[in-house]
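J.: Here it is, the structure, as structure tokens.
The values are calculated or read from the model by the stated rules, or taken from the named source; none is laboratory data. Since we're looking at a predicted model, the values are computed, not measured. A quick note on method: Cβ atoms are made from the backbone with ideal geometry, for glycine too, and the neighbour counts reach across all protein chains shown. What goes into the accessible areas is simple: the full protein's heavy atoms, side chains included, and nothing from ligands, DNA or RNA. Shrake-Rupley method; radii C 1.70, N 1.55, O 1.52, S 1.80 Å.
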Amino acid sequence: MSTALADRVGVSTITFRFRPLDEALRLIAAMGAVEVDLGAIPAVTDHVPVPFTGSTSGYVEALAAHQLRSGAVNSDVGDLNDPALTREALAEIAEPLVALAAATGGALIVPCGRADHAPFVDDEADLARIADNLRYLGELARAHGVRLLVEVLHHKRWIHSVERADDLLDRVGADVFGLLFDVSHIVASGDDPVDWARRRADRIERVHLRDAVPGDLNVGIGRGVADFAGTIDALESGGFTGTYILELETHDVAEADREADAVRSRAAIVDLLTAAHA
């Protein structure tokens, strides 16, 4: 396999979300990965606590100790369609995370919309509020030299379909944010990641990988119905040159087997990426 291609398959610390950060980084490095996402989602892991009030230098040192680079801080900065979320409150949560992303050399990933399929007001008002908040976050990130990435489609959040995600992407351009493309959320929502990858190749800047079936996104690689071969082929042929991040927040593997399953999963994706370039 090509070392350059293998280096494009990284691992999120969320894969080992129940382990301390240093152990998660050690396990990821032992897998042969060189790039990570740092999990900063309170409902999932406290690898980066939110609100973040810690030292950025501690994360820089931890990454260096394991010879890893950070591609992104994967965060939750609040419900961007909530009328009660003020700019001041959003900045208070987001700015320390942007500073961490800047210090560790990665992007900042945010979701868009609360964990509910119902709008706060109505579809138009909620979509407009999300677009406005993302423009603000994009400016804040740019001021620190950080790229904003958005997990636009999230199966459990307000934007949970390709149709609604396309509406936001059409409203807010690539100058504001890049698309974080998560295969499991697309499949869990009943949409087709291969088709969306082809149509949105110009916006996709980072990819998260986990398997899924409609309605369930916490499935291990190869145990769901995601077409990873087709998705990777579509992305690579569309010009994607970024990183594929295994975010294995899986509920169908015993914790004792998690390391071996992650190793197996990464090898499978590296093989598919290699085949796409054969």
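J.: Please list, ordered by first then second residue, the pairs with beta carbon atoms under 6 Å, 6 or more apart or interchain, first in the range 227-251 and under 25 Å from ASP216 (Cβ atoms) and modelled with pLDDT of 95 or more, second aliphatic (A, V, I, L, M) and open to solvent by 20 Å² or more (accessible area, probe 1.4 Å).
T.: Sorted first by the residue in the range 227-251, then by its partner, the pairs are PHE228/LEU272; ALA229/LEU272; ILE232/LEU272; ILE232/ALA276; ASP233/ALA276.
J.: Anything in the range 204-223 that is surrounded by fewer than 19 Cβ atoms within 10 Å (Cβ to Cβ) and within 15 Å of the chain's Cα centre (by Cα)? List them, or say none. It would help to see each step written out before you state the result.
T.: Filtering the range 204-223 for residues surrounded by fewer than 19 Cβ atoms within 10 Å (Cβ to Cβ) gives 213-216, 218, 222-223.
Selection gives ASN218 alone.
J.: Of everything in the range 252-278, what is in contact (Cβ under 8 Å) with a residue 24 or more places away in the chain and outside any helix (DSSP H, G or I)? Give them in sequence order.
T.: Going residue by residue through the range 252-278, those that are in contact (Cβ under 8 Å) with a residue 24 or more places away in the chain are 252-253, 255, 258-259, 261-266, 268-277.
Listed by number, the residues that qualify are ASP252, VAL253, HIS277.
J.: Let me confirm something: among GLY138, GLY113, which residue is of a type in the set (Gly, Ala, Ser), assigned to a loop (DSSP other than H, G, I, E, B) and open to solvent by less than 10 Å² (accessible area, probe 1.4 Å)?
T.: Numbers: GLY138 fails: assigned to a loop (DSSP other than H, G, I, E, B).
Just a single option satisfies the conditions, and that option is GLY113.
J.: Which condition does GLY32 not pass, out of (1) at positive phi; (2) open to solvent by 50 Å² or more (accessible area, probe 1.4 Å), if it passes all the others?
T.: In the conditions (1) at positive phi; (2) open to solvent by 50 Å² or more (accessible area, probe 1.4 Å), GLY32 misses (2) alone.
J.: Filter the range 141-183 down to residues that are within 21 Å of THR231 (Cβ to Cβ) and of a type in the set (Gly, Ala, Ser) and give me whichever is surrounded by the fewest Cβ atoms within 10 Å (Cβ to Cβ).
T.: ALA174
J.: Just checking, does the range 254-274 include any residue being over 21 Å from ILE109 (Cα atoms), out of contact with any strand residue (DSSP E or B) (no Cβ under 9 Å at 6 or more places or on another chain) and open to solvent by less than 30 Å² (accessible area, probe 1.4 Å)?
T.: Looking through the range 254-274, at least one residue is over 21 Å from ILE109 (Cα atoms), out of contact with any strand residue (DSSP E or B) (no Cβ under 9 Å at 6 or more places or on another chain) and open to solvent by less than 30 Å² (accessible area, probe 1.4 Å).
J.: Which numbered condition in (1) assigned to a loop (DSSP other than H, G, I, E, B); (2) touching a Lys or Arg at 6+ places or on another chain (Cβ under 7 Å); (3) of a type outside the set (Phe, Trp, Tyr); (4) buried (at least 22 other Cβ atoms within 10 Å of the Cβ) is the only one that ALA226 fails?
T.: All conditions are met except number (2).
J.: On the given criteria, is LEU179 of a type in the set (A, V, I, L, M, F, W, C), part of a strand (DSSP E or B) and more than 20 Å from ALA262 (Cβ to Cβ)?
T.: On the way: of a type in the set (A, V, I, L, M, F, W, C): yes; part of a strand (DSSP E or B): yes; more than 20 Å from ALA262 (Cβ to Cβ): yes.
The answer is yes for LEU179.
J.: Which residues, taken from the range 175-201, are of a type in the set (Asp, Glu) and over 19 Å from ILE159 (Cβ atoms)? Break it down stepwise before answering.
T.: In the first step, residues of the range 175-201 are kept if they are of a type in the set (Asp, Glu); the result is 175, 182, 191-192, 195.
Result: ASP175, single match.
Rundown of residues vs (1) closer than 30 Å to THR241 by Cβ; (2) of a type in the set (A, V, I, L, M, F, W, C), yes/no style:
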position: VAL60; (1), (2): yes, yes
position: ARG69; (1), (2): yes, no
position: SER75; (1), (2): yes, no
position: ASP82; (1), (2): no, no
position: VAL98; (1), (2): yes, yes
position: THR104; (1), (2): yes, no
position: ALA107; (1), (2): yes, yes
position: CYS112; (1), (2): yes, yes
position: ILE130; (1), (2): yes, yes
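J.: Okay, moving on. Are any residues in the range 1-55 of a type in the set (S, T, N, Q), closer than 27 Å to ARG114 by Cβ and either in a helix (DSSP H, G or I) or in contact (Cβ under 8 Å) with a residue 60 or more places away in the chain (or both), and if so, which ones?
T.: Applying the first criterion (of a type in the set (S, T, N, Q)) to the range 1-55 yields 2-3, 12-13, 15, 45, 53, 55.
Now narrow it down to the ones that are closer than 27 Å to ARG114 by Cβ: 12-13, 15, 45, 53.
Answer for the range 1-55, where residues must be of a type in the set (S, T, N, Q), closer than 27 Å to ARG114 by Cβ and either in a helix (DSSP H, G or I) or in contact (Cβ under 8 Å) with a residue 60 or more places away in the chain (or both): SER12, THR13, THR15.
J.: As an exercise: evaluate ALA43 against (1) modelled with pLDDT under 95; (2) open to solvent by less than 10 Å² (accessible area, probe 1.4 Å) and give the number of the one condition it does not meet.
T.: In the conditions (1) modelled with pLDDT under 95; (2) open to solvent by less than 10 Å² (accessible area, probe 1.4 Å), ALA43 misses (2) alone.
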